[in-house]
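Notes to accompany the following structure.
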Amino acid sequence: MRVLIVNDDPDIAESLHSVIEQQFPRVFVTVALSGRAALQLLEDDATYAVVLCDPLVRGMQAKTFLAEARRIAPQAAHVVIAGASPDAARRLAAEVGADALLVKPFDMASLEQTLALLLPEVPTGRHPSERPPAAP
């Protein structure tokens, strides 16, 4: 399984990468720091299962990026990571056809829970008795 992180902030991208890699050790994670770079990665290999996208990613608007990403990799689930108010973030996610939404600031347990729903066949790095806390 493959996850593509699309975020133009290298620190945030690296944090997301680290959490996913730690909690989903069988998932291969790739980072793109721009929408154009992400689309090139998808063109080169359209087998990504999940695309995590900040709608303010450099070089492209979220609608344009997600429409192209869906065209290239229609099987991928698209998760919007938005920093707007919860209502504005929900509107944006609906507008761009996102499969899931994470509103900043979010805790890593919310990210884990979202990915666990989107990647149910991939075991996490947690012991079976451990579960991430429920998202609010």
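Observations on the structure shown:
- Packing-based ranking, highest mean first, of 40-46, 91-97 given that Cβ atoms within 10 Å are counted: 91-97, 40-46
- Adding -39500 (n - 2.57) for every DSSP H run of four residues or longer, then dividing by how many residues the chain holds, sets the calculated 222 nm ellipticity at -13000 deg cm²/dmol.
- A cut-off of 5 Å between modelled amide H atoms, ignoring neighbours fewer than 5 places along the same chain, links residue 77 with 50, 51.
- Note, ³J(HN,Hα) from phi for the range 7-16, Karplus 6.51, -1.76, 1.60, rounded to Hz, x at Gly and Pro: 7, 7, 9, x, 5, 5, 4, 5, 4, 4
- Zero-based 10 Å bins, Cα pair distances in the chain, whole percents: 13, 47, 34, 6, 0
- Counting only Cβ charges, +1 for Lys and Arg and -1 for Asp and Glu, the dipole size of the chain around its Cα centre is about 300 debye.
- Note on residue 56 and residue 90: the model spin-label points, each 7 Å out from Cα along the C-beta direction, lie 2.2 nm apart.
- For residue 43, neighbours were defined as the other residues whose beta-carbon sits under 11 Å from its Cβ, and their charges (Lys and Arg +1, Asp and Glu -1) total -1.
Only the coordinates and a few stated rules stand behind these numbers; no lab work does. Quick caveat, the model's predicted, so the values are computed rather than measured. Note: ideal-geometry Cβ built from the backbone for every residue, glycine included; neighbour counts use all protein chains shown.
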